[in-house]
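J.: Would you mind keeping the following structure in view while I ask a few things?
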Amino acid sequence: MLRAVTLFRRGLFRPSPGLSVRMTSSEITPKGILANQVAVVTGSTDGIGFAIARRLAQDGAHVVVSSRKQQNVDWAVATLQGEGLSVTGTVCHVAKAEDRERLVAKALEHGGGIDILVCNAGVNPLVGSTLGASEQVWDKILSVNVKAPALLLRQLLPHMENRRGAVILVSSTAAYTPRVDLGAYNVSKTALLGLTRTLALELAPKDIRVNCLVPGVIETNFSKVLHKNETFWNNYKENYQLQRIGRPEDCAGLVSFLCSPDASYITGENIAVAGLSSRL
Ligand code: NAP
């Protein structure tokens, strides 16, 4: 153990998947800082959600992955289990009540309680202006991006009490600085900042913390229209001095930290992972 601590301090210790360790203020926990916790991550078979699921499992949690398509769930579970991680999964379209019920039931199979909820699933069915969005588009964006996190948390809450739980909502820097081509999506992501603060207030008496991840442009399928666009990329490089697009893993470490005891006095917060801070 002493050798591991020394190597860790020198930055030479690289834990293998399934044996992740993080030094807390006072100790190294060999099983990971999230050991014995159960985490539910929505939209977690690809992109940012998949990276978050992997990281939480590497840090010791049992993770329940989910998304709309069975084949994607099967792939994610097989991949992460193949890395020696404790992962199960089920299909869950977050806007469908019966799917959310199934997700809760799946999570309860592992020990009877839930400690962490990461609401990552999000959609943007329209590139265009706010006033160009039909009622159907509004309903879809608001159902998946804003209503579903609140409704899923409502279903999970009885199983999160007395466990000092953590909830993470996933917004976007489009919440701080709206993009002209992402009308209703911008609005939904700004609403998540409000939802974070309101839920943080409501759940504080239950010792459940609620925080918000605010990604900038992260290289995933979802953001292909942006990062594969040369004009966008050239403009981006000029303004973002880190000179690169974010990676899903850039978001995952923050989420693990916010769910951990090291963040036990942080709630109602929103934090950008964007290569630059666009908030005051
Ligand atoms: P992604 O790579 O396209 O992955 C989306 C994941 O969500 C997939 O696993 C997908 O699997 C699942 N999914 C989609 N709709 C769902 C639904 N209705 N219910 C449940 N699962 C669903 O997307 P991403 O870029 O990682 O985005 C994740 C989150 O980050 C979103 O909330 C997005 O708004 C936010 N974000 C992304 C960026 C970025 O640049 N990438 C920036 C800011 C914010 P199935 O197809 O199997 O459902």
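All of the numbers you see were taken from the coordinates with simple rules; none came from a lab. Remember, it's a predicted structure, so these values are computed and weren't measured experimentally. Every residue, glycine among them, receives a Cβ derived from its backbone with ideal geometry; neighbour counts consider all protein chains shown.
J.: If you average the C-alpha positions of the stretch 173-209 and of the stretch 116-137 separately, how far apart do those two centres end up, in angstrom?
T.: Computed from Cα coordinates, the inter-centre distance equals 13 Å.
J.: So for the stretch 213-280, what are the equivalent ellipsoid semi-axes in whole Å, largest first, each being the square root of 5 times an eigenvalue of the Cα gyration tensor? Don't skip to the end; give the middle numbers.
T.: Values: eigenvalues 139, 34, 16 Å².
Taking √(5λ) for each Cα gyration eigenvalue gives 26, 13, 9 Å.
J.: Amide H neighbours of residue 121 under 5 Å, counting only residues 5+ apart in sequence or on other chains, H built in-plane at 1.01 Å?
T.: Amide H neighbours of residue 121: 42, 43.
J.: Restricting to the chain, compute how many DSSP beta bridges are antiparallel as a %, nearest 5.
T.: Among the beta bridges of the chain, antiparallel pairing accounts for roughly 5 percent.
J.: Then there is this: Report, in cubic angstrom per residue, the convex hull volume of the C-alpha atoms of the stretch 56-131. Please report the intermediate quantities before stating the final value.
T.: Values: hull volume 9.6 nm³, N = 76.
Dividing the Cα hull volume of the stretch 56-131 by its residue count gives 126 Å³.
J.: While we're on this one: Can you pull out the trypsin sites (Lys or Arg not before Pro) in the stretch 121-182 whose DSSP state is coil and whose Cβ has at most 15 other Cβ atoms within 10 Å? Each step should come with its number before you reach the end.
T.: Values: sites: 140, 147, 154, 163, 164, 179; in loops: 163, 164, 179.
Answer by residue number: 164, 179.
J.: Which lysines does residue 147 reach when only Cα atoms under 24 Å apart count, and residues fewer than 8 places away in its own chain are ignored?
T.: The qualifying lysines are 69, 96, 106, 189, 206.
J.: Oh, and also: For the chain, set up a GNM with springs between Cα atoms under 10 Å and report which of 71, 241, 37 has the largest fluctuation.
T.: Of 71, 241, 37, the Gaussian network model singles out 241 as fluctuating most.
J.: Compute the distribution of all C-alpha to C-alpha distances in the chain, in bins of 5 Å from 0, and list the percent of pairs in each, rounded to whole numbers.
T.: Values per bin, smallest distances first: 1, 6, 12, 17, 19, 17, 13, 9, 4, 2, 0, 0, 0.
J.: Within 10 Å of each candidate Cβ there may be at most 14 other Cβ atoms; applying that plus a DSSP loop requirement, which trypsin sites (Lys or Arg not before Pro) in the stretch 214-280 survive? The partial results should precede the final answer.
T.: Numbers: sites: 224, 228, 237, 244, 279; in loops: 228, 244, 279.
When the trypsin sites (Lys or Arg not before Pro) of the stretch 214-280 are filtered for loop state and at most 14 Cβ neighbours within 10 Å, 228, 244, 279 remain.
J.: First select every other residue whose beta carbon is under 10 angstrom from the beta carbon of residue 220; then total the charges, Lys and Arg +1, Asp and Glu -1. Working shown, then result.
T.: Working: positive: 224, 247; negative: 46, 219.
So the environment of residue 220 carries a net charge of 0.
J.: Follow-up. I want to verify the translational diffusion coefficient of the stretch 179-219 in µm²/s; compute it with Stokes-Einstein, Rh as the Kirkwood radius over Cα pairs, at 4 °C and 1.567 mPa s.
T.: Here the translational diffusion coefficient equals 111 µm²/s.
J.: If we count GluC sites (Glu not before Pro) as exposed when they sit in a DSSP loop and have at most 16 other beta carbons within 10 Å, what is the longest stretch of the chain that avoids them all? Before the final figure, lay out each step's value.
T.: Working: sites that count: 27, 83, 109, 161, 269.
Answer from the scan: 162-268.
J.: Hey, could you get me the Stokes-Einstein D for the stretch 149-256, Kirkwood radius over alpha-carbon pairs, 37 °C and 0.692 mPa s, rounded to whole µm² s⁻¹?
T.: On the way: Rh = 15.6 Å.
Reported coefficient: 210 µm²/s.
J.: Once whole DSSP H runs in the chain are found, which of them have Cα atoms spread over 15 Å or more along the helix axis and a mean Kyte-Doolittle score of at least -1.0?
T.: Values: long enough: 47-58 (17 Å, 0.64); 70-82 (18 Å, -0.28); 97-108 (17 Å, -0.52); 148-160 (17 Å, 0.78); 183-203 (30 Å, 0.57); 248-259 (17 Å, 0.97).
Within the chain the helices that satisfy the rule are 47-58, 70-82, 97-108, 148-160, 183-203, 248-259.
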